[in-house]
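The values are calculated or read from the model by the stated rules, or taken from the named source; none is laboratory data. The structure presented is a predicted model; accordingly, all values stated were derived computationally and were not measured. All Cβ positions, glycine included, derive from the backbone under ideal geometry; neighbour counts span all protein chains shown. These area figures cover heavy atoms from the full protein model, side chains too; ligands, DNA and RNA do not enter into them. Shrake-Rupley method; radii C 1.70, N 1.55, O 1.52, S 1.80 Å.
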Amino acid sequence: GSLPTPLPPFVSTTHLPVTMAITAVAGVAVAAPASSSLRAGRSYRGAAAVRVATRPVASTRRGMSVRAMGSSFGRMFRVTTFGESHGGGVGCVVDGVPPKLQLTREELQFELDRRRPGQSRITTPRNEEDSCEILSGVGLDGITLGTPIAVLVRNKDHRSQDYGEIAVAYRPSHADATYDMKYGVRAIAGGGRSSARETIGRVAAGAIAKKILAQIAGTEILAYVSQVKDVTASGVDHENFTMEDVEGNIARCPDQASADAMIEAIDKVRVKGDSCGGVVTCIVRGCPRGLGAPVFDKLEADLAKAMLSLPATKGFEVGSGFDGVNTTGSEHNDEFYMDPKTGIRTKTNRSGGIQGGISNGEIIELKIAFKPTSTITQPQNTVNRDGVDVELKAKGRHDPCVVPRAVPMVESMVALVLVDHLMMQYAQCNLLGREDYSDLVQGQMPTLYDPAFIGGDGSSGGEMSTKDMSAAFSED
């Protein structure tokens, strides 16, 4: 086979299978025995094109791979989502989950139920159970194995026949046209990957991230609807409001009076076949200090990317956000003081818990703006795939306002960013200075190398004793 051309003039064999043999450089045959091959780790210089011939050894697979483009998120805690809105199912693969974490399907299902459609009259009437299956990465004893965790949710209540009109006519402000511009083809029914149904994988992965953060640092991530259309929430105490307060009404606003006004605003546009947007505010209590990797991977930079990757998002703020431009430095600065119980604190929190791209231990405060839902049942002018002006009146089941169901999505993406940065922080800044490196050098099973544990009951080698493990997994 041949590598695609042109290639850079510098080719390193660390990225090529060692069984590949150079047959031509810049189109000129190389005089070399057929048995000669590239040596691993050696670099070769040549012109823009290099042709290689493969000699299969134990596998017929080609030695080239391309990372999934645009469907993966994170570095050490890496999430890849898959599936289309009206396909067989949607889900995620989560790589980098620490081993020995107790994890149950019910913990993932709790978060998925919060984003599930059909919960109230102000959300889409599509009725999906969104029941998740954990396919890999968790042992029979409910302990994570350190291997990739795959989660699948099967689609059941999809009505592809509702999308006949948009098969050729583009929905204004939707991803229909741009997906055609990019790929030349698209999943018409349900919007495919551009549907908010894709976020199921994010929420499932976020449930795992939330558990790790809570277990290690007591971190609590809570989001709520702070604005719908021109109705803004008031009286929400970021120090004390709870998830129960958020889930206490269908608007997901902790202040009931504000929630009632928001529901009324959504109902007004809903009955007209229209839609409206809003703002979700997210706070993080108990965030570990020191998270963030300046300069390009600052904490707020990764949070911004995470938030703006969600469907229908159009704006992001941290701390004072755009309102901060109306103040002076003396007004905006968060002065430090020493708290006798918790140590260094800030008197105010206009920075939103992040300074210099690094978390400072204060409450992280974020705001995410969501535009009105693109798909509405009112007639709209548009263009079809043949380039002809037409009128479209869309069908299907869609949220008149996405922000109530966006709350768990926002929480999940924040959790994914924080756990990724927590793992990077530990890997870089907590490697040196330890007194005992035996687990890094010898491995995670002390019964195999530590005299203090060799020949014991085996309980120190894992979550279960050898005897109990044998009994639990016996075929009898």
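The requirement of being closer than 22 Å to Asp420 by Cα, under 16 Å from the mean Cα position of the chain (by Cα) and part of a loop (DSSP other than H, G, I, E, B) is not satisfied by Val79. Among the residues making up segment 419-436, a single one is crowded, with 23+ Cβ neighbours inside 10 Å and touching a Pro at 6+ places or on another chain (Cβ under 8 Å): Leu422. For segment 289-331, filtering for residues that are crowded, with 18+ Cβ neighbours inside 10 Å and either closer than 23 Å to Thr342 by Cβ or among the polar types (S, T, N, Q) (or both) leaves 8.
So that you can scan it fast, the table gives a plain yes or no per residue for (1) at pLDDT 85 or above; (2) over 30 Å from Val390 (Cβ atoms); (3) touching a helix residue (DSSP H, G or I) at 6+ places or on another chain (Cβ under 7 Å); (4) of a type in the set (D, E, K, R):
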{"position": "Arg114", "(1), (2), (3), (4)": "yes, yes, yes, yes"}
{"position": "Thr124", "(1), (2), (3), (4)": "no, no, no, no"}
{"position": "Asn127", "(1), (2), (3), (4)": "no, yes, no, no"}
{"position": "Ile134", "(1), (2), (3), (4)": "yes, yes, yes, no"}
{"position": "Thr144", "(1), (2), (3), (4)": "yes, yes, no, no"}
{"position": "Asn155", "(1), (2), (3), (4)": "yes, no, no, no"}
{"position": "Ser160", "(1), (2), (3), (4)": "no, no, yes, no"}
{"position": "Val168", "(1), (2), (3), (4)": "no, no, no, no"}
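In segment 363-387, which residues are of a type in the set (Gly, Ala, Ser) and either within 21 Å of Phe241 (Cβ to Cβ) or open to solvent by 40 Å² or more (accessible area, probe 1.4 Å) (or both)? If the condition is that a residue be of a type in the set (Gly, Ala, Ser) and either within 21 Å of Phe241 (Cβ to Cβ) or open to solvent by 40 Å² or more (accessible area, probe 1.4 Å) (or both), then Ala369, Gly387 are the ones that fit.
Residues of segment 438-455 that are surrounded by 12 or more Cβ atoms within 10 Å (Cβ to Cβ), within 39 Å of the chain's Cα centre (by Cα) and free of Cβ contacts under 8 Å to residues at least 12 places away in the same chain: Asp439, Gln442, Tyr449.
Has segment 451-461 got at least one residue that is modelled with pLDDT under 90, among the hydroxyl-bearing types (Ser, Thr, Tyr), more than 30 Å from Arg78 (Cβ to Cβ) and not in a loop (DSSP other than H, G, I, E, B)? The answer is no; no qualifying residue exists. Within segment 86-97, the residues that satisfy the criterion of being surrounded by 16 or more Cβ atoms within 10 Å (Cβ to Cβ) and either outside any strand (DSSP E or B) or without any contact (Cβ under 8 Å) to a residue 40 or more places away in the chain (or both) are His86, Gly87, Gly96, Val97. Scanning segment 246-263 for residues that are open to solvent by 30 Å² or more (accessible area, probe 1.4 Å), closer than 21 Å to Phe110 by Cβ and touching a residue at least 12 places away in the same chain (Cβ under 8 Å) turns up Glu247, Ile250, Pro254. Kindly evaluate Gly235 against the criterion of being in a loop (DSSP other than H, G, I, E, B) and at pLDDT below 95. Spelling it out, Gly235 is indeed in a loop (DSSP other than H, G, I, E, B) and at pLDDT below 95. Residue pairs whose Cβ atoms lie under 8 Å apart, separated by 6 or more positions or on different chains, with the first residue in segment 336-347 and more than 15 Å from Ser359 (Cα to Cα) and the second aromatic (Phe, Trp, Tyr), are Lys347/Phe336; Lys347/Tyr337. Filtered by the rule that a residue be surrounded by fewer than 17 Cβ atoms within 10 Å (Cβ to Cβ) and either among the aliphatic types (A, V, I, L, M) or touching a Phe, Trp or Tyr at 6+ places or on another chain (Cβ under 7 Å) (or both), segment 343-362 gives Ile344, Arg345, Lys347. Inside segment 269-287, residues that are in a loop (DSSP other than H, G, I, E, B) and either open to solvent by 30 Å² or more (accessible area, probe 1.4 Å) or aliphatic (A, V, I, L, M) (or both) make up a count of 4. If you go through segment 191-234 and pick out every residue that is farther than 23 Å from Gly137 by Cβ and open to solvent by less than 10 Å² (accessible area, probe 1.4 Å), you end up with 6.
Just so you know, in segment 173-224 the residues that are assigned to a helix (DSSP H, G or I) and of a type in the set (Phe, Trp, Tyr) include one that is farthest from the chain's Cα centre (by Cα), and it is Tyr183. For segment 315-342, residues that are more than 24 Å from Val414 (Cβ to Cβ) and outside any helix (DSSP H, G or I) total 10.
The single residue among Asp339, Asp334, Asp297 that is within 18 Å of the chain's Cα centre (by Cα) and among the charged types (D, E, K, R) turns out to be Asp297.
With respect to the conditions (1) over 30 Å from Arg75 (Cβ atoms); (2) open to solvent by 10 Å² or more (accessible area, probe 1.4 Å); (3) among the β-branched types (Val, Ile, Thr); (4) touching a residue at least 60 places away in the same chain (Cβ under 8 Å), Ile266 falls short on a single one, namely (2).
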